[in-house]
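Read the structure below first, then the notes.
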Amino acid sequence: MLEKTWRWFGPFDPIALSEVKQTGATGIVTALHQIPVGEIWTEADIMERKRTIEAAGFAWTVAESLPVSELIKLRSEGYQRHIENYKLSVRNLGKCGIDTVCYNFMPVLDWSRTDLEVPMTDGSVTTKFQSVAFAAFDLCILKRRNAERDYTRSGAESARTFYSSLHEKEKARLQRTILLGLPGSANSFSLEEFRAAISAYDRIDEAELRDNLSYFLGQIVPVAEESGVALAIHPDDPPWPLLGLPRIVSTKEDLRRILSSADTFFNGITLCAGSLGARSDNNVVDIAKSFASRLHFIHLRNVKRTADRDFFESHHLEGDVDIGGVMQVLVREQRRRAERGGLNHRMPIRPDHGRLMPADRILEKERGKSVYPGYSLIGRMKALAELRGIEIGVRRAMNF
Ligand code: DNO
């Protein structure tokens with residue numbers, strides 16, 4: 001079976017490991033969030049977290065994320081030190097038996113949404129991305145220099161009309177939503193800081209960012225290989241440029257290019273079905289099939305596209321991505337790896353995001369702590385149960 005994992009944010013996560021126990025997950029995915037981006041994850045720190053996880057009856061199977069600093073993405077002053085630190089962190093993870101590292105190469109922002117609290121008719125709450133709202137933020141709140149260039153005239157006009165239709169409270173909420181550091185990202189920004197972080201990329205286009213990624217891989221992959229640690233790049237979410245910032249991990253072609261820049265098992269992918277699936281020209285099943293031998297970690301979630309570049313997160317088996325089809329590819333690949341021997345074939349999957357259910361609200365109230373958007377207990381438990389069921393069904397149907 002594919003390894004079932006659960007993202008846990010560490011001792012401050014409002015959800016306890018003892019609760020994760022009932023979800024069917026056996027592996028924990030986490031990061032040392034307390035260590036500033038760019039600094040070293042020491043063996044002692046890794047071991048301490050590992051012991052906590054093991055004491056609760058789990059294995060720590062994936063580091064998500066070992067974040068790549070902005071200095072590295074920009075290759076600006078000080079990046080060499082961060083690269084050396086990254087190497088050490090990878091070595092230390094390897095020594096502690098953690099063999100999979102998830103990371104991303106999205107400038108400034110990690111995953112982005114325009115609304116984190118979309119009420120659905122069944123009483124659950126989901127997230128969505130609406131291009132016109134994002135453009136309204138860019139043009140009317142952030143007022144980014146030269147932002148106009150990134151929109152068509154009618155696109156900019158719609159964004160302004162949309163903005164003026166919002167109440168003050170809604171405007172403030174949109175701003176908070178976009179500036180909020182979602183889990184995975186390092187920061188929550190003020191508008192000023194955000195402008196500065198973006199303008200650091202003024203001279204960096206797609207080609208240059210690609211160069212910086214391949215430099216990074218050239219440095220890190222050999223170390224990963226020596227340490228027995230598989231690197232798994234996470235695709236852009238959403239998979240298109242935002243705020244004039246280049247995004248280079250958005251399509252099948254992008255992934256092919258990244259894999260061929262260092263052609264080894266240890267340079268691989270986190271297949272995030274929901275991120276890739278937000279684009280109608282990404283066929284997630286085909287992408288999974290094409291790169292199956294380099295998939296080291298799998299985020300299973302789904303999206304419903306409502307217009308070009310607009311989507312909301314649907315229930316896991318109800319969106320535009322054929323999760324059953326992806327599952328068939330994963331099951332087949334796991335069998336291939338097992339037969340071949342030698343390679344890691346745990347193939348960790350996790351339910352990436354779940355709805356916020358009314359019962360999750362009760363839990364939040366009781367604990368006086370909010371769960372991170374997308375990282376509810378009940379919502380993700382439902383998702384994982386569905387994914388486990390579909391895997392068993394697929395295996396039966398394939399006689400595996
Ligand atoms: C969102 C996550 C991402 C992911 C990073 C990986 O929920 O999937 O934040 O952890 O992009 O570096």
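The values are calculated or read from the model by the stated rules, or taken from the named source; none is laboratory data. None of the values given here were measured: they were computed from a predicted structure. Positions of Cβ are backbone-derived with ideal geometry, glycine not excepted, and every protein chain shown enters the neighbour counts. These accessible areas exclude ligands, DNA and RNA; they are computed on the full protein's heavy atoms, side chains included. Shrake-Rupley method; radii C 1.70, N 1.55, O 1.52, S 1.80 Å.
Please verify whether LEU180 is within 21 Å of PRO239 (Cα to Cα), hydrophobic (A, V, I, L, M, F, W, C) and in contact with a Ser or Thr (Cβ under 7 Å, 6 or more places away or on another chain), treating the condition exactly as stated.
Taking the combined requirement at face value, the residue satisfies it.
Within segment 227-241, track down each residue that is within 14 Å of the ligand (Cβ to nearest atom) and closer than 30 Å to LEU142 by Cβ.
The answer is ILE233, HIS234, PRO235, ASP236, ASP237, PRO238, PRO239.
If you go through segment 292-304 one residue at a time, do you hit one that is assigned to a strand (DSSP E or B), farther than 27 Å from SER227 by Cα and open to solvent by 10 Å² or more (accessible area, probe 1.4 Å)?
There is at least one residue in segment 292-304 that is assigned to a strand (DSSP E or B), farther than 27 Å from SER227 by Cα and open to solvent by 10 Å² or more (accessible area, probe 1.4 Å).
Please enumerate the residues belonging to segment 52-92 that are away from the ligand (no atom under 16 Å from the Cβ), among the hydroxyl-bearing types (Ser, Thr, Tyr) and either over 23 Å from PRO348 (Cα atoms) or part of a strand (DSSP E or B) (or both).
Across segment 52-92, the qualifying residues are SER76, TYR79.
Going residue by residue through segment 267-274, is there one that turns out to be outside any strand (DSSP E or B), modelled with pLDDT of 95 or more and either out of contact with any His (no Cβ under 9 Å at 6 or more places or on another chain) or β-branched (Val, Ile, Thr) (or both)?
No, segment 267-274 has no match at all.
Would you mind stating whether HIS345 is touching an Asp or Glu at 6+ places or on another chain (Cβ under 9 Å), modelled with pLDDT under 95 and not in a strand (DSSP E or B)?
For HIS345, the condition - touching an Asp or Glu at 6+ places or on another chain (Cβ under 9 Å), modelled with pLDDT under 95 and not in a strand (DSSP E or B) - is met.
Within the group ARG257, ARG203, ARG160, which residue is modelled with pLDDT under 95 and either open to solvent by 80 Å² or more (accessible area, probe 1.4 Å) or in contact with an Asp or Glu (Cβ under 7 Å, 6 or more places away or on another chain) (or both)?
ARG203
Exactly one condition in (1) within 16 Å of the ligand (Cβ to nearest atom); (2) closer than 25 Å to PHE266 by Cα; (3) in a loop (DSSP other than H, G, I, E, B) is false for SER112; which is it?
(2)
Tell me, please, whether a residue that is open to solvent by 80 Å² or more (accessible area, probe 1.4 Å) and either farther than 20 Å from PHE312 by Cα or part of a helix (DSSP H, G or I) (or both) can be found in segment 353-363.
Yes, segment 353-363 has at least one match.
Consider THR42 against the criteria (1) surrounded by fewer than 21 Cβ atoms within 10 Å (Cβ to Cβ); (2) within 20 Å of the chain's Cα centre (by Cα); (3) over 30 Å from ALA385 (Cα atoms): it satisfies all of them except one. Which criterion is unmet?
(2)
Residues that are under 24 Å from VAL62 (Cβ atoms) and β-branched (Val, Ile, Thr): list the helices (runs of 4 or more DSSP H) wholly contained in segment 161-257 that include at least 1 such residues.
Per the criteria, 206-227.
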